[in-house]
Amino acid sequence: MFDIHSHIIYHIDDGSRDLDESLTLIRKDYAEGARAIIATPHYSVQYPTDPVRVRAKLATIEEAAASGPALRLYAGNEVLYFDSMTERLQSGDILTLADSHYTLIEFYPEESYQVILRAIRNIRNAGYRPIIAHAERFRAIQEHGLAEVRDLGAYVQLSTEPLSHKGMSGLLDRETRFIRKALRQQEADFLGTDMHRKDHRPPVLRDAIDWIQKNLDPDYGAAVLQENAEALVRDEELY
């Protein structure tokens, strides 16, 4: 699997606390089934991250991990959307995913649907391809669904961890239900662990891989697990 959402770079945001933890997270992700990871430290207008520092620390992690599993690492940002985001993309202050035209965006959990739609239009009009991070978490998207945001040109990343939830007496939490429905309707494009730390959002994806392989069309399953992300790295439009 290709994990496009992670916080494995230490001393950047609320993710990894040191190099050892970064390496632990990478090894765990590999053991769970990942073969490539995009590091996406948070970026917001209040707390911008320095792209030079991000790349330098990722290079240090790559060097330290070179003797371990053969796992590819790429740089990016997870951006809390703000109105001048496109200007900072164009200036290079915000890192796109793997130096492509894809950018990973998030919103406040209670953000209005109209703000989400406007964000997609603004990013598309600026020549970039927005990916909505952990789309299952936003109330407006839960209520309105994914069809319109996809029609406007947004791509969708879902989280892997909720697919490990078994539910009580057959009942599943709201996020898990949303993710399963989106996958069954082929409305998702990418997956990510959103891993942060060993003891807070560790990488969980084995159950997600198993569920996808058992329940989805094989071609679509391969696309959402790996092939779409490989196209992202090549900077190709998916549809």
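The figures follow:
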| quantity | calculated |
| --- | --- |
| Flag if Tyr102 is in contact with a helix residue (DSSP H, G or I) (Cβ under 6 Å, 6 or more places away or on another chain), hydroxyl-bearing (Ser, Thr, Tyr) and either over 27 Å from Ala208 (Cβ atoms) or open to solvent by 30 Å² or more (accessible area, probe 1.4 Å) (or both) | no |
| Where Pro162 falls short, out of the listed (1) open to solvent by less than 10 Å² (accessible area, probe 1.4 Å); (2) of a type outside the set (A, V, I, L, M, F, W, C); (3) more than 16 Å from Tyr81 (Cα to Cα); (4) in contact (Cβ under 8 Å) with a residue 40 or more places away in the chain | (4) |
| Ser112 surrounded by fewer than 16 Cβ atoms within 10 Å (Cβ to Cβ), over 26 Å from Asp99 (Cα atoms) and at pLDDT below 95 | no |
| Filter result (out of contact with any Leu (no Cβ under 8 Å at 6 or more places or on another chain) and open to solvent by 70 Å² or more (accessible area, probe 1.4 Å)) within segment 19-54 | Asp20, Arg27, Lys28, Ala31, Gln46, Tyr47, Pro48, Asp50, Val52, Arg53 |
| Segment 129-156: number of residues that are closer than 13 Å to Phe107 by Cβ, among the basic types (Lys, Arg) and surrounded by 16 or more Cβ atoms within 10 Å (Cβ to Cβ) | 1 |
| Filter result (exposed (fewer than 13 other Cβ atoms within 10 Å of the Cβ), of a type outside the set (D, E, K, R) and on the phi < 0 side of the Ramachandran plot) within segment 67-99 | Ser67, Gly68, Pro69, Ala70, Ser84, Gln90, Ser91 |
| Members of segment 16-54 that are assigned to a loop (DSSP other than H, G, I, E, B), within 22 Å of Gly92 (Cβ to Cβ) and in contact (Cβ under 8 Å) with a residue 12 or more places away in the chain | Thr40, Pro41, Ser44, Val45, Tyr47, Pro48, Thr49 |
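The values are calculated or read from the model by the stated rules, or taken from the named source; none is laboratory data. All of these numbers come straight from a predicted model, not from anything done at the bench. All Cβ positions, even for glycine, are placed from backbone atoms using ideal geometry, and neighbour counts span all protein chains on display. Note: areas computed on protein heavy atoms with side chains; ligands, DNA, RNA excluded. Shrake-Rupley method; radii C 1.70, N 1.55, O 1.52, S 1.80 Å.
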